[in-house]
Amino acid sequence: MAAMVVCLTILSVLFISLVFKLVFDTIHCYILIPRRIKNMMQKQGVRGPKPRRLTGNIIEMVTLTSQSTVNDMDGVHHDVVGRLLPHYVKWSNSYGKRFIYWHGIEPRMCLTEIELIKELMTKHHLVTGKSWLQQQGSKHFTGKGLLMANGQEWYHQRHIAAPAFMGDKLKSYSTHMVECTKHMLQSLLNEVKSGQNEFEIGEYMTRLTADIIARTEFDTSYEKGKQIFHLLTSLQHRCAQASRHLCFPGSRFFPTKYNREIKALKMEVERLLMEIIQSRKDCMEIGRSSSYGNDLLGILLNEMEKERRRGKFKINLELIMDECKTFFFAGHETTALLLTWTVMLLATNPHWQQKVRDEVNKVCDGGVPSLDQLPKLTLVTILCSKSVFHKCLVITT
C-alpha cells in the first residue's frame, strides 16, 4: 500500500512538472520571445505594423490582398506587386525600406537594400535559414529535406545531392525531356483539334516538369514516381491549409480533418518510397546490381551506405525520403512557374515570338533541338534570361 502511494505521488509530481513545463514553454514561445524581439528591433530603429496577439499581422495581410484582387487586371503587365503583395507596398511606404511584420508569433524582416541583402546571403548564410513556423508548416510535406535545413545540415545535404544535378548528369536525361515535351505538345494539339481554344497552360507545364523530375529522381521506378507526385500535390495543399492555424498553441496536435488527411497522405507517400528503396536494396543483395542507381535516390542510398561503413549515420531512410519529396516539389514547381511565365511573355509579345520561332527553325532546320544546338539559340537564351529577371524582379520588389 505504501509503495502504491509513493508511486502515485511520483506520478503526480511528474504530471505537474510536465504541465508546468508546457505552460512555461507556451508563454516563453508565444509571449516572451516575440516581446523581446520586438523591443530589440525598436532599439535599432526597425519598426512595423502593430501585431495582434497570436495572429500577428496575418488578418491585415489577408484583408489587403482580398481587396486588391477582387477585380480582374485591366491588362497584362509586370507591375503586379501592389496587387499581389499590397501589404508590402503599404508598410514600406509607412516604415521605410527596412521594417518588421508578424506572421502569427514569428517576426519577418523585410529588406529592400541590395547591399544588405548581398551581405546577408553571402556572409551569414549558414546562420540564417528557415524559421520554426516554416519548418512546422512543411514538417509532413518536405520534412527535414534540403529546403528546410539550416546551417551545417544544409551544407552537408547540399553537398550530397549536388552530383545528381551536375551538367553531364542532366544531359543524360535530354532524350526523356524531349519525349515528355512532345507528349505535352501533342495533348495540346489534340485539344485544339477538338475545338477547345482556351487553356490553363500552367497545368500542362506542371505535368511536364513532374514527368521529367520523376525520371530524374527515380529513373526505372518512373511510374511510382508519378503516383508520388499526385500524392505530394494533395499533401502540399493540405499542409498549406493546416499551416494557417500554427499560430495557435498546440494546433498541430488537434485531430482536425486536415491533420488526419495529412497523416494519411504522408503514410501513403512514404509507403511508395519505401517500396522503391526496398527494390533497390533487394537488387544489391542478390547481386543484380553493384550500386543503388545513378539517379537522385540511388546517389542518396549510396551515400548512406558509405557513411554506414565509416561508422557515421548522418543520413537515414527518413532523411532520404524527405530529400526525395523536397526535390520533387522544388524541382517541378519552380521550373513549371518559369515556363508558364515565359509562355505568357511570348503570348503578349508576338514580335519576339516570331523572332524566336524563326531562329529555332533556322538552327534546327525544322527538327527537334539537340544539346549541341542549344548554345546557338541566342534569342532563346536572351528570352530565358529576361524571363528569370522579370520573375525575380516581381518577387523581390
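Of note:
- Reachable lysines from LYS38, criterion Cα separation under 23 angstrom, eight or more residues apart if same chain: LYS50, LYS90, LYS97, LYS130
- Pairs spanning more than 18 Å between alpha-carbon atoms, out of LYS266/LYS306; LYS224/LYS266; LYS266/LYS325; LYS123/LYS144: LYS266/LYS306; LYS123/LYS144.
- Estimated at 0.36 nm per residue, the fully extended path between HIS183 and MET274 surpasses their Cα-Cα distance by 29.8 nm.
- Sorted largest first by accessible area at a 1.4 angstrom probe radius, with every protein chain in place, the residues VAL178, VAL368 fall in the order VAL368, VAL178.
- Projected area, mean over directions - segment 169-244, Cα convex hull, nm²: 6.7
- For segment 159-339, accessible area per residue (1.4 Å probe, heavy atoms of protein chains only), Å²: 56
- Label point distance in nm, ASN361-SER94, each placed 7 Å from Cα along Cα→Cβ: 5.5
- Filtered trypsin sites (Lys or Arg not before Pro), segment 25-79: DSSP coil and at most 11 other beta carbons within 10 Å: ARG53
- FRET efficiency, THR63 to LEU133 (Cβ-Cβ, R0 22 Å, nearest 0.05): 0.60
- Hull shadow area, averaged, segment 159-339 [alpha-carbon convex hull, nm²]: 13.9
- For the pair LYS118 and LYS224, label points projected 7 Å from Cα toward Cβ lie 4.8 nm apart.
- Pairwise label distance in nanometres, GLN152 with CYS7, each label 7 Å out on the Cα-Cβ vector: 4.4
- Packing-based order for 185-198, 105-118, using average beta carbon neighbours within 10 Å, highest first: 105-118, 185-198
The values are calculated or read from the model by the stated rules, or taken from the named source; none is laboratory data. The model shown is predicted, which means the values in this text are computed figures rather than measured ones. Counting neighbours? That spans all protein chains shown, and the Cβs are built from the backbone with ideal geometry, glycine included. For accessibility, only protein heavy atoms count, side chains too; no ligands or nucleic acids. Shrake-Rupley method; radii C 1.70, N 1.55, O 1.52, S 1.80 Å.
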